[in-house]
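J.: Quick one: this structure, given as structure tokens, is what I'll be asking you about.
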Amino acid sequence: MLVNQIATILNSVFTSETQESQASVQEDLSNIVSVGQTITASTDFGNNFDNYVAKIVDKVGLTLYGTKYGIVDGLGLIRYGLEYASAIEKIRVDVGDYEDNKAWQLTDNNIANSFTDLFNFVPASVDTIYYNQAGTFKVKISIPEYQVKSAFKSREDMIRFFDYIEIRVKTKMQLALKYAEKRLLNNFIAEKIHANNGVINLLAEYRNATGDTTVTVTNCLSSKEFLRFASKTIGVYRSLLHEESGIFNVSNYVTHTSDDELKMFFLTDFAKALESYLLSDTYHDNYVKQDGYREIAFWQNYVDGSVAEKSRINVKIASDNTTAVNQSGILAVLLDKDACFIASEQPNVKALPNPDGDFTNYWHKFKACWYNDLAENGIVFIVQNPS
């Protein structure tokens, strides 16, 4: 397993998430997120394949079959527990094309004499993605034994002080995990934009439908007509995800995403505009009250408070860490819950007393895997002035 040290990028992310930036800062997400490796017979896994289709790797820690289970937390992304082994493989199965039913063509001599494939071996078509990358970081804190007693009136007061330190450490760890989740989501968005798959320009569609060119990227969130059209359009595409199709995933894999499997992320500025200019009860019922709904204040950096910057991602994608995607105007994302998932979360704390200095060092450590599956459905809604 490849385990990347991600403390440096997390420190940068912490600053960009909690402090106002002067400009958008590009982030390389390849050390945090993995999109997996497609397994073929030529992939270098030695003889550790099955003997059926020679594409399934033996002895992995967890095999996923597109089943819907896991623990949801944070941004609502799916989590899979995995304590032993390291690798995860995700298997997709398909079958061949439809064929004529020869049982009803027996009067055709050409057909009647063509039963030559009765004992042919026709295995299922299997595609397997192999995930085996993790990120790790730590936070260290020293707690004295006697040196601060003079600053407190009682043991209880001193313990309360140490509790506050522990709470702050845990908060810092939880923030790192939250920000890593956002980068997992941002990488999925960037991969979709790079592949030009499932990216819907709401402004372009609005202009095509209405002929109204007065609405622009700058003023669209204050246009009741545009917001009504955007809400309707997102609803239409949401319904399209219910249908079996390969249109909305990068791998062209025929699948569907029902409402209970759907994650919806709306930029807060967009969500509040919809609430203000449309019937708030309708918006609440259709989106907010759904289990998979989340609002995002800004995707990556808080630069100047403008919607243009809050709606921007500027990243190098994990599938090709030389390719940069710098896109503003991202308003909403719909995706299958299995498109972004987290595995093998392993928090642990180690303690070591220093008898000479009368203090104890605590190391709060964490390791996890953040994965994108680009064969799952996803749609990114943007506003961009048509060229």
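J.: Starting from the Cα-Cα distance between D304 and N219, subtract it from 0.36 nm times their residue separation and give me the gain in nm to one decimal.
T.: That works out to 28.9 nm of additional length.
J.: In addition: Show me, for the stretch 250-267, the HN-Hα J-couplings you get by feeding each phi into the Karplus relation (A = 6.51, B = -1.76, C = 1.60, θ = phi - 60°), rounded to Hz, glycine and proline as x.
T.: Values per residue, Gly and Pro as x: 5, 8, 6, 7, 6, 7, 9, 9, 7, 4, 6, 9, 9, 10, 10, 10, 10, 4 Hz.
J.: Compute the separation of the alpha-carbon centres of the stretch 96-152 and the stretch 173-228 and state it in Å as a whole number.
T.: Answer, in whole Å: 30.
J.: Roughly how tilted is helix 7-18, in degrees to the nearest 10 and between 0 and 90, from the longest Cα axis of the chain?
T.: Once rounded, the angle reads 80 degrees.
J.: Separate question: Among residues other than F188 whose Cβ falls under 13 Å from its Cβ, what is the net charge (Lys/Arg +1, Asp/Glu -1)?
T.: Neighbourhood net charge equals -1.
J.: To make sure I understand the rule: partners must be lysines, Cα under 25 Å from the Cα of K170, and not fewer than 8 residues away in the same chain. Which ones qualify?
T.: List returned: K138, K140, K149, K178, K182, K350, K365, K367.
J.: Could you give the length gained by full extension between S258 and S21, i.e. 0.36 nm per residue of separation minus their alpha carbon distance, to one decimal place?
T.: Once the chain is fully extended between S258 and S21, it gains 81.5 nm.
J.: Label-point separation (nm) for D108 and D28, each offset 7 Å from Cα along Cα-to-Cβ?
T.: Using points 7 Å along Cα→Cβ, the separation is 6.0 nm.
J.: Contour minus end-to-end for E295 and I165, with contour as 0.36 nm per residue of separation and end-to-end as the Cα-Cα distance?
T.: Stretched fully, the E295-I165 segment lengthens by 43.8 nm.
J.: Would you rank D320, D373, D304, D260 by solvent-accessible area, highest first, keeping every protein chain in place and using a 1.4 Å probe? Numbers along the way, then the final one.
T.: On the way: D320 55, D373 0, D304 90, D260 125 Å².
Of D320, D373, D304, D260, the descending order of accessible area is D260, D304, D320, D373.
J.: Moving on to the next point. Distance in nm between label sites at T322 and L240, each 7 Å beyond Cα in the beta-carbon direction?
T.: My value for the distance between the label points is 3.3 nm.
J.: Return the FRET efficiency for the residue pair N385, V95: r is the Cβ-Cβ distance, R0 is 41 Å, and the value is rounded to the nearest 0.05.
T.: 0.40
J.: Can you show me the helix-derived [θ] at 222 nm for the chain, built from DSSP H runs with n ≥ 4 at -39,500 (n - 2.57) apiece and divided by the number of residues, rounded to the nearest 500.
T.: Calculated from helices alone, the mean residue ellipticity at 222 nm is -8000 deg cm²/dmol.
J.: Follow-up question, since we're still on this one. With unit charges on the beta carbons (Lys and Arg positive, Asp and Glu negative) and the dipole taken about the Cα centre of the chain, which residue among V217, P144, V303 sits farthest to the positive side?
T.: Farthest towards the positive pole: P144.
J.: Among residues other than F248 whose Cβ falls under 10 Å from its Cβ, what is the net charge (Lys/Arg +1, Asp/Glu -1)?
T.: Net of charged neighbours comes to -2.
J.: For the residue pair K178 and A204, what label-to-label distance in nm results when each label sits 7 Å from Cα along the Cα-to-beta-carbon direction?
T.: It works out to 3.5 nm between the two label points.
J.: Something else now. Rounded to the nearest percent, how much of the accessible area of the chain (1.4 Å probe, protein heavy atoms only) is carbon and sulfur? Write down the numbers at each step before the final one.
T.: Values: 10110 of 20310 Å².
The C+S portion of the solvent-accessible surface of the chain is 50 percent.
J.: Viscosity 0.890 mPa s, temperature 25 °C: Stokes-Einstein D of the chain from its Kirkwood Cα radius, in µm² per second? Please list the in-between numbers first.
T.: Working: Rh = 24.0 Å.
So the translational diffusion coefficient is about 102 µm²/s.
J.: Within 10 Å, count the other beta carbons around each residue, average over each peptide in 196-207, 161-172, 217-228, and list them highest first.
T.: Taking the mean over residues of other Cβ atoms within 10 Å, the ranking is 196-207, 217-228, 161-172.
J.: Using the Cα atoms of the stretch 325-387 to build a convex hull, what is its mean projected area in square nanometres? Mind showing how you got there, number by number?
T.: Working: hull surface 31.9 nm².
For the Cα atoms of the stretch 325-387, the hull's average projected area reads 8.0 nm².
J.: Further question: Under 5 Å between amide hydrogens, which residues at least 5 positions from E345 or on another chain qualify, with H placed 1.01 Å from N in the peptide plane?
T.: L82, C369
J.: Using bins 10 angstrom wide from zero, how does P(r) for the stretch 247-328 break down, in % of all Cα pairs?
T.: Distribution as computed: 15, 31, 38, 15, 1 percent.
J.: Mind listing the long-range amide H neighbours of A339? Cut-off is under 5 Å, sequence gap 5 or more, other chains count too, H placed in the peptide plane at 1.01 Å from N.
T.: Counting only residues 5 or more places away or on other chains, the set is empty.
J.: Sticking with this structure for a sec: Using the beta-carbon distance between M158 and Q5 and R0 = 51 Å, what value does 1/(1 + (r/R0)^6) give for FRET efficiency, to the nearest 0.05? Please list the in-between numbers first.
T.: On the way: r = 35 Å, r/R0 = 0.69.
E(calc), rounded to 0.05, equals 0.90.
J.: How big is Rg to Rh over the stretch 249-387, alpha-carbon atoms, Rh as the Kirkwood inverse-mean-distance radius?
T.: 1.11
The values are calculated or read from the model by the stated rules, or taken from the named source; none is laboratory data. Since the model is a prediction, treat every value here as computed from it, not as a measurement. Note: ideal-geometry Cβ built from the backbone for every residue, glycine included; neighbour counts use all protein chains shown. For the accessible areas, the whole protein counts, side chains as well, though only heavy atoms, and no ligand, DNA or RNA atoms are used. Shrake-Rupley method; radii C 1.70, N 1.55, O 1.52, S 1.80 Å.
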